[in-house]
Amino acid sequence: MADEILRVEDLSVSYGKGNMISGVNFTVTKGEIVCFLGESGCGKSTLLKAIMNIPELETVITKGKIIFEGKDITSYSDKEIRSMAGKNIGMVLQHLGGAFNPLRTFEAQFKEALYSHDMEYDFEKVKETFAQLNLPDAERIIKSRPYEMSGGMIQRIAIAMTMILGPELLLCDEPTSALDVTTQKMAMEQLMNIRELLNTTILLVTHNPGIPSMMADKVGVMYAGHLVEYGKTHQVLHSPAHPYTKALIGAIPTFDFKLPKGLEGQPPLNGADMEKCAFSERCPICKEGHCICGNNPYTLKEVCKDHCATCFKRD
Amino acid sequence: MGKFIGKRLLQLVFVLFAVSFMTFALMYIAPGDPAERKLTAQGEAIDPEVLEAEREKMGLNQPFVVRYFSWLGGVCTGNLGNSYVDNRPVITKLAEGMTYTVPLALSALAVALAISLPLGILSAVYRNSVLDVIVQIFSFIGNALPNFLIAVLLIFFFCIQNSVLPVIANNSFIGLILPTLSLAIPMCGRFIKQFRGEVIEQLEKTYITGLRVRGVKEKKIIFGNVLHNSSAAIITITGLAIGTLMGGSVVIESIFRWPGVGKLVMDAITARDYPVIQGFVLVMAVIYVLINLATDILYRVIDPRIDYEK
């Protein structure tokens, strides 16, 4: 496909002992925002780390391919991967305060990142980017150190850094989890700005199902190391097909003074390597004795156009 | 910063006052008669009258407070008193000792840093590699061997077996090599372990992941960030080592007959030469406080989060 930027094929990833994610398949079109949802430990962050794939993130791709801009980057050497980091594939970390060296000025850190990619440091460009992100007084900020800034400002500076480096693909690992609700909204708007201004493709991992409904074009739902549902945001969130997605959406707190339904039990620890469906123990359909798990419980099947799930019951 | 330095220098006065008082008091209550030791050392027969006259001459018959303040008054004018043994000014004797101790201390420190900084960093960066294991073994051996044993081994290899270096060569570059190595090797063992630990701690910080995902080059990560952030700890470790080295190494200076302050003070203790001991303690206190002050100032330069004014 001409405008396809990323294709993940049958990807299995481990941290050295057993797979953390297994058999993940999806494609992303240039300029799309894709959100990955799921419980803690389901492999969302591992998926992003595997796409980034720098050795220090400690992910080991045990199977499958990651095709970025038509090239299989899983076969790249460490040196090639490092040269892509930041410039072609950027990453916004969960703990933004830790993204910068606390003892050095932002100016030194901007220069360091740009010079590492043989790019020029241009203060006017920094100023312009800061202005787009509603960061006033660029002269003062750039000479400051991270400890002199608030969490929200550091986040915007991290996003500004990403914008200046200009990666085609931006990976965001729970960028809003440490922020309050109002700052979360601002952060989301900024990410949407990046897409608008630079046509950057964004892959975002979150616990909060409200975030994809606000900004994502597509949503992927992960459970125990498997991608169980993938499709257009509206379809996945409003007409969920997989029993897990239904349960997850049912667990969202509402303002009706009732406790959400929730989901009993815990996902299995070795879910990525299980042959049978890792959700079957908690699945309401299986519990009712109407199990629909087939022989290939992890193969994505089309629910409708642009919407697929590994398991679903047609009404 | 100026206010902070002023405050610290004022503190120095109180520290010195306390140190001088305690040293003087300890020397006062210590057993033995300096006048008797002096006469014995000079080979004179101990006649009670001569001894009494010597005591009077040395001011030992005066009350403690009078003796202390008379000595302190001298200290304020730069006079640390005269040695009981040879009647020479203490300040001259200490200065002479320092002309030997300072070059030895600085060369030992320079060698220790030149070896342990790169090895500590490499060992941390290539953690669990063969290089790391070799460096750690070296560090362990350096830590485990006492410096006198290293001195004896060095003398055996370089002076007795191969005759390439002299055992005693006062105040010359060649003579400095073996005492320098004897002091530097155990220091390297300690430094490597500490520097390695500090670099590993920095490498595990989240900002390093931030730098890596931005594609910052490894050289810039290590030299521009890790070393920058570890320098506060490195300065502390080095500062403490300077203090210890300036006190002179009694054992090493004795083995190589290096007439530094370590040997001077050891001889003074044996001879109960109180003015020399007191002068030495006072000078060491000044050195320690000034090193601490310099360390604090450098801390502020490295980490601006530290605000000494508050």
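Computed quantities for the displayed model
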quantity: Candidates B:F195, B:F280, B:F191 - the one that is crowded, with 19+ Cβ neighbours inside 10 Å and over 26 Å from B:G120 (Cβ atoms); calculated: B:F280
quantity: Only listed residue being aliphatic (A, V, I, L, M) and not in a helix (DSSP H, G or I), chosen from B:V216, B:V226; calculated: B:V216
quantity: Unmet criterion (only one of (1) away from chain B (no Cβ under 13 Å); (2) over 23 Å from A:I89 (Cβ atoms); (3) among the aromatic types (F, W, Y)) for A:Y147; calculated: (1)
quantity: Residue under evaluation A:K111, criteria (1) modelled with pLDDT of 90 or more; (2) touching a Ser or Thr at 6+ places or on another chain (Cβ under 8 Å), criterion not met; calculated: (2)
quantity: Selection from segment A:98-135 of residues that are touching an Asp or Glu at 6+ places or on another chain (Cβ under 7 Å) and surrounded by fewer than 17 Cβ atoms within 10 Å (Cβ to Cβ); calculated: none
quantity: A:G31 within 29 Å of A:G231 (Cβ to Cβ), outside any strand (DSSP E or B) and more than 11 Å from chain B (Cβ to nearest Cβ); calculated: yes
quantity: Odd one out for B:T209, checked against (1) over 23 Å from the mean Cα position of the chain (by Cα); (2) among the β-branched types (V, I, T); (3) more than 14 Å from chain A (Cβ to nearest Cβ); calculated: (3)
quantity: Hey, B:R127 modelled with pLDDT of 90 or more and within 25 Å of B:G239 (Cα to Cα) or not; calculated: no
quantity: Lone unmet requirement of (1) within 14 Å of chain A (Cβ to nearest Cβ); (2) farther than 20 Å from B:A105 by Cα; (3) not aromatic (F, W, Y) for B:I235; calculated: (2)
quantity: Candidates B:V199, B:V164, filtered to the one that is away from chain A (no Cβ under 14 Å) and under 30 Å from A:V92 (Cβ atoms); calculated: B:V199
quantity: From the options A:I142, A:I154, A:I89, A:I164, residue that is farther than 25 Å from B:N229 by Cβ and of a type outside the set (K, R); calculated: A:I89
quantity: Residue tally, condition within 9 Å of another protein chain (Cβ to nearest Cβ), without any contact (Cβ under 8 Å) to a residue 40 or more places away in the chain and among the small types (G, A, S), over segment A:88-143; calculated: 3
quantity: The listed residue being of a type outside the set (D, E) and in contact with a strand residue (DSSP E or B) (Cβ under 8 Å, 6 or more places away or on another chain), out of B:P259, B:P275; calculated: B:P275
quantity: Residue check for B:N143: farther than 30 Å from B:S231 by Cβ and away from chain A (no Cβ under 14 Å); calculated: no
quantity: Residue tally, condition of a type outside the set (A, V, I, L, M), touching a residue at least 60 places away in the same chain (Cβ under 8 Å) and touching a Cys at 6+ places or on another chain (Cβ under 8 Å), over segment A:201-246; calculated: 13
quantity: Residue count for segment A:118-138, restricted to those that are outside any helix (DSSP H, G or I) and either among the basic types (K, R) or within 15 Å of B:G224 (Cβ to Cβ) (or both); calculated: 1
quantity: Among (1) touching a Phe, Trp or Tyr at 6+ places or on another chain (Cβ under 8 Å); (2) within 14 Å of another protein chain (Cβ to nearest Cβ), the one test that A:K44 misses; calculated: (2)
quantity: Within segment A:55-72, tally of residues that are within 14 Å of another protein chain (Cβ to nearest Cβ) and either touching an Asp or Glu at 6+ places or on another chain (Cβ under 8 Å) or closer than 24 Å to A:D273 by Cβ (or both); calculated: 4
quantity: Residues of segment B:248-286 satisfying the condition of being in contact with a Gly (Cβ under 6 Å, 6 or more places away or on another chain) and assigned to a helix (DSSP H, G or I); calculated: B:V250, B:E253, B:V261, B:G262, B:L264, B:P275, B:M284
quantity: A:K49 being of a type outside the set (A, V, I, L, M, F, W, C) and more than 14 Å from chain B (Cβ to nearest Cβ); calculated: no
quantity: Among (1) buried (at least 17 other Cβ atoms within 10 Å of the Cβ); (2) out of contact with any Ser or Thr (no Cβ under 7 Å at 6 or more places or on another chain) - the single one B:T40 does not satisfy; calculated: (1)
quantity: Criterion (among the β-branched types (V, I, T), touching a helix residue (DSSP H, G or I) at 6+ places or on another chain (Cβ under 8 Å), within 14 Å of chain B (Cβ to nearest Cβ) and touching a residue at least 12 places away in the same chain (Cβ under 8 Å)) met by exactly one of A:I157, A:I194; calculated: A:I157
quantity: Among (1) farther than 30 Å from A:M119 by Cβ; (2) buried (at least 17 other Cβ atoms within 10 Å of the Cβ); (3) charged (D, E, K, R), the one test that B:R212 misses; calculated: (1)
quantity: Selection count, segment B:197-211, where residues are polar (S, T, N, Q) and in contact (Cβ under 8 Å) with a residue 24 or more places away in the chain; calculated: 1
quantity: B:S116 vs. criteria touching a residue at least 60 places away in the same chain (Cβ under 8 Å), out of contact with any His (no Cβ under 9 Å at 6 or more places or on another chain) and part of a helix (DSSP H, G or I); calculated: yes
quantity: Enumeration of residues in segment B:76-105 that are closer than 18 Å to B:A18 by Cα and buried (at least 18 other Cβ atoms within 10 Å of the Cβ); calculated: B:L80
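Each row is one residue, and each column tells you yes or no for (1) without any contact (Cβ under 8 Å) to a residue 60 or more places away in the chain; (2) under 22 Å from B:L149 (Cβ atoms); (3) of a type outside the set (V, I, T); (4) within 14 Å of chain A (Cβ to nearest Cβ).
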| position | (1), (2), (3), (4) |
| --- | --- |
| B:G189 | yes, yes, yes, no |
| B:I192 | no, yes, no, no |
| B:F195 | no, no, yes, no |
| B:V213 | yes, no, no, yes |
| B:V216 | yes, no, no, yes |
| B:I222 | no, no, no, yes |
| B:S230 | yes, no, yes, yes |
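Yes/no per residue for (1) of a type in the set (D, E, K, R); (2) assigned to a helix (DSSP H, G or I):
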residue	(1), (2)
A:K49	yes, yes
A:I61	no, no
A:K79	yes, yes
A:R82	yes, yes
A:R104	yes, no
A:F110	no, yes
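Yes/no matrix, rows are residues, columns are (1) among the small types (G, A, S); (2) modelled with pLDDT under 85:
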residue	(1), (2)
B:I237	no, no
B:I242	no, no
B:V250	no, yes
B:I255	no, no
B:P259	no, no
B:G262	yes, no
B:A268	yes, no
B:M284	no, no
B:I291	no, no
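The values are calculated or read from the model by the stated rules, or taken from the named source; none is laboratory data. Values in this document were obtained by computation on a predicted structure and should not be read as measured data. Here the Cβ is made from the backbone with ideal geometry for all residues, glycine too, and neighbour counts use every protein chain on show.
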